[in-house]
Amino acid sequence: MPNSSGTPVTLKPLPSSRLLFLALRLGLFQACLGALAVLTLGIFNRLLIDDFQVPAVLTALALGCQQLVAFTRVWFGKRSDQCRLGGLRRTPFILGGAAAFCLLFWLAGSTVLWVAAAAQAGDSAAVLTRSLVLALVFLLYGTAISASSTPFAALWLMSPMNGNGPPWCRWCGRCSRLALLWVQFLPVAF
């Protein structure tokens, strides 16, 4: 295609549909993980404290328990680098963790309603016991998030979106994706 001076202009090829699909799929996973972590935990917090009058200390303990297992991210990252399941390294961890945190999230919602029933009945001992069960569910939920999010981050950093350029170019692409990933995890941390 010639430009205004008549010299041909070479257009850069668009990314292949496979790479575009990969980018959309990875971004969708991260967006859904953030929505689960931020929006729904905020709703659980508001429901338990404001609507069901569960003591704020018990609510904070239960919902904060998912952060107590953050150290397991290192272990899951190392395991996803070392072990292969069905010829894949990170994908089984991502899928298994996603299935586990979806199931545990449903269980957490059911447990919140169970705690709410005890709070509505005015049974303090049952509220305490059920809040501890909710804390255990969120410990497991945090472990499932760690099992899927750390291998996901490693998969995203090592994905072939950089092309086959020189090593320094691939390294710069990975660093920029690492910065984007870090910025995406900021709302989850706060």
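The values are calculated or read from the model by the stated rules, or taken from the named source; none is laboratory data. Just so you know, these numbers come straight off a predicted model, no measurement behind them. Please note: Cβ atoms are built from the backbone with ideal geometry, for glycine as well, and neighbour counts cover all protein chains shown.
Here are some notes:
- Residues considered: Ala31, Ala62, Ala37. Of these, the only one that is modelled with pLDDT of 90 or more and among the small types (Gly, Ala, Ser) is Ala62.
- Close pairs (7 angstrom Cβ cut-off, 6 or more residues apart or separate chains): part of a helix (DSSP H, G or I) in region 20-32, at pLDDT 75 or above anywhere: Phe29/Phe152
- Residues in region 117-141 that are surrounded by 15 or more Cβ atoms within 10 Å (Cβ to Cβ) and polar (S, T, N, Q): Ser131 only.
- Taking every residue in region 105-118 that is in a helix (DSSP H, G or I) and pairing it with any residue that is among the aromatic types (Phe, Trp, Tyr) and buried (at least 19 other Cβ atoms within 10 Å of the Cβ), at least 6 positions away or on another chain, the pairs with Cβ-Cβ distances below 8 Å are Phe105/Tyr141; Ala108/Phe44; Ala108/Phe138; Ala108/Tyr141; Gly109/Phe44; Val112/Phe44.
- Matching residues, region 80-107, being crowded, with 17+ Cβ neighbours inside 10 Å, over 13 Å from Ser149 (Cα atoms) and among the basic types (Lys, Arg): Arg89
- Yes/no for Gly42 being under 22 Å from Ala153 (Cα atoms) and either among the small types (Gly, Ala, Ser) or outside the structural domain of Ile145 (by TED's automatic domain parsing) (or both): no
- Answer residue from region 61-78, given it is touching a residue at least 12 places away in the same chain (Cβ under 8 Å) and over 15 Å from Ile145 (Cβ atoms) and is surrounded by the most Cβ atoms within 10 Å (Cβ to Cβ) among those: Ala62
- For region 142-158, the criterion of a residue being exposed (fewer than 14 other Cβ atoms within 10 Å of the Cβ), at pLDDT 85 or above and assigned to a helix (DSSP H, G or I) is satisfied by no position.
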